[in-house]
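Just so you know, all these numbers are worked out from the coordinates, no wet-lab data involved. These figures come from a predicted structure and were not determined experimentally. Note that each Cβ is placed from the backbone with ideal geometry, even for glycine, and that neighbours are counted across all protein chains shown.
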Amino acid sequence: MAREFIVPGQIISGSGALDMAEGVLKGLGKKALIVTDKVMIQLGNCAKVEAALKNQGVEYAIYSEIVGEPTDTMIENGLTLYKEEGCDFLVALGGGSPIDSMKAIGSLVVNGGCISDYMGKVIDVEVPPMVAIPTTAGTGSEATQFTIITDTKKNIKMLLKGKVLMPGLAIIDPQFTMTAPPKITAATGLDALCHAVEAYTSRKSQTLSDTFAVSAVKRIFKYLPAAFKDGSNEEARVQMSVAALEAGIAFNNASVTIIHGMSRPIGALFHVAHGLSNAMLLKECLTFALEGAYDRFAELGRTVGVAADTDSDKEASEKFLAAVEAITKELETPTLAEFGIDKEEFFKVIDKMAFDAMDSGSPQNTMREVTEDDVKQIYRNLW
């Protein structure tokens, strides 16, 4: 069966990637809207992007109001600034939130309307050129056709998709990830692990996505603990940037499964950062998913070196799960209770979260059949 495989139009990666990309930036338009957050400005990362644009005589405006995870209100405000400033292309600098925000703003530039209008639909509209410069190694948003925006009226996270949301240029420069603190390094790195594992064990997996997913899992197990322990380890940062990109390409073409489906409602209702809520769910969700894909999880166990060829698929799968649990502990992933979520409040909304999770469609990509009751039980198991 024929399958489509989608990647960014151009990827420039490695040390000095931003410098190499300057000429490409010049050809995209006359004035850029830089979508970022105040931390990127304070760290001096935004100034580096500004310098690259100035070097090529490209004007720019800065929208730095992305706070936490993006909402429909932030998107509306960014769109207003884009039009007021007469911009003609977009540059996102930051983690997944600025990149997702850029995509959402871009989707409304020509067609107008509200971002919530696209819930449940494929976005297929004209968009301006978009450039993604990730500063964390995790979300993979620079390599996907997805964006996640919170609908503040319905209090849900909307998963929106469309091939037009794929950035035309991704600049993967490790100088930007060196500033990520340990907790962000851990959460985003485990997010990338989720992307890769889910892509490999998805009903929608394909040969090319498998190649990227397996490579990402192997790279993450090898380099994420090192990047967490020593943020100045450039080799670990470079390798994690590559792993995040690989994992992004993998899930963009194979989709995510139960972890992401269950993570979004937790993030929407309890304001847990996306990567962290994924990390919290890893053990329980994969424990459930193993039964439907022992062969796939076994291959991952052998790939990262925790299982032997002589192990049965079931044994190798369980060893991989144990390795996942060990790395989440090594990276000091908090439980829901340790994060400060009230158990009683959590249990009150399990029904809503389970409905929203299944409504997203992601759990249904899991190779093991998933019901709404299964999702409710997994939420309970987190305590």
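For GLY140, no residue has an amide H sitting under 5 Å from its own, ignoring neighbours fewer than 5 places away on the same chain, with H placed 1.01 Å from N. The alpha carbon gyration tensor of segment 1-61 gives principal lengths a ≥ b ≥ c with a/c of 1.5 or higher and a/b greater than b/c, which makes the shape prolate. Descending by average beta-carbon neighbour count within 10 Å, the peptides 111-124, 142-155, 40-53 line up as 142-155, 40-53, 111-124, the highest first. In this rough spin-label picture, where each label sits 7 Å from Cα along the Cβ direction, the THR80-ALA47 distance is 3.0 nm. Summing charges over all other residues whose Cβ lies under 12 Å from the Cβ of SER116, with Lys and Arg as +1 and Asp and Glu as -1, gives 0. Highest mean first, the peptides 308-321, 336-349, 204-217, 165-178 sorted by other C-beta atoms within 10 Å per residue fall in the order 165-178, 204-217, 308-321, 336-349.
The orientation-averaged shadow of the Cα convex hull for the chain, equal to a quarter of the hull surface, comes to 17.5 nm². The convex hull around the C-alpha trace of segment 316-364, projected and averaged over every direction, spans 5.0 square nanometres. The Cα-based radius of gyration of segment 147-275, divided by its Kirkwood radius, gives an Rg/Rh of 0.98. Reducing segment 253-306 and segment 15-56 to their Cα centroids gives an inter-centroid distance of 34 Å. Selection among SER202, PHE146, PRO265 by position relative to the dipole of the chain gives PHE146 as farthest towards the positive end (Cβ unit charges, Cα centre).
Ellipsoid fit via the Cα gyration tensor, segment 240-302: semi-axes of 21, 17, 10 Å, each the root of five times an eigenvalue, largest first. Shape call for segment 182-381 from the C-alpha gyration tensor, a ≥ b ≥ c root eigenvalues: rounded (a/c under 1.5), prolate (a/b greater than b/c) or oblate? The shape class here is oblate. A crude spin-label estimate for the pair ASP151 and LYS329, with each label 7 Å from Cα along the Cβ direction, gives 4.1 nm. Taking 0.36 nm per residue of sequence separation and removing the Cα-Cα distance, the THR73/ASP88 pair yields an extension gain of 3.3 nm.
Remark: the GLU235-THR371 segment gains 44.7 nm on full extension, using 0.36 nm per residue and subtracting the alpha carbon distance. Distances between placed amide hydrogens fall under 5 Å for LEU33 paired with ALA61, ASP88, PHE89, LEU90, VAL91, all partners being 5 or more residues away or on another chain.
Calculated FRET efficiency, ALA308 to LYS54, Cβ-Cβ distance, R0 = 56 Å: about 0.50 to the nearest 0.05. Oblate is the label for segment 276-359, because the ratio a/c of its alpha-carbon gyration tensor axes (a ≥ b ≥ c) is 1.5 or higher and a/b is not greater than b/c. Max-minus-min Cα coordinates of segment 100-187 on each principal axis give 38, 30, 15 Å, with the largest extent listed first. Its residues counted as N, segment 10-176 yields a C-alpha radius of gyration over 2.2 N^0.38 Å of 0.94.
Put the Cα centre of segment 104-182 next to the Cα centre of segment 315-346 and the gap is 28 Å.
Derived scalar couplings between HN and Hα for segment 101-114 equal 5, 4, 4, 5, 4, x, 5, 9, 4, 8, 8, x, x, 10 Hz in order, rounded to whole Hz, by the Karplus curve 6.51 cos²θ - 1.76 cosθ + 1.60 (θ = phi - 60°), x for Gly and Pro.
Using the Karplus relation 6.51 cos²θ - 1.76 cosθ + 1.60 with θ = phi - 60°, the per-residue 3J(HN,Hα) values for segment 174-179 come to x, 4, 7, 7, 5, 8 Hz, with x marking Gly and Pro.
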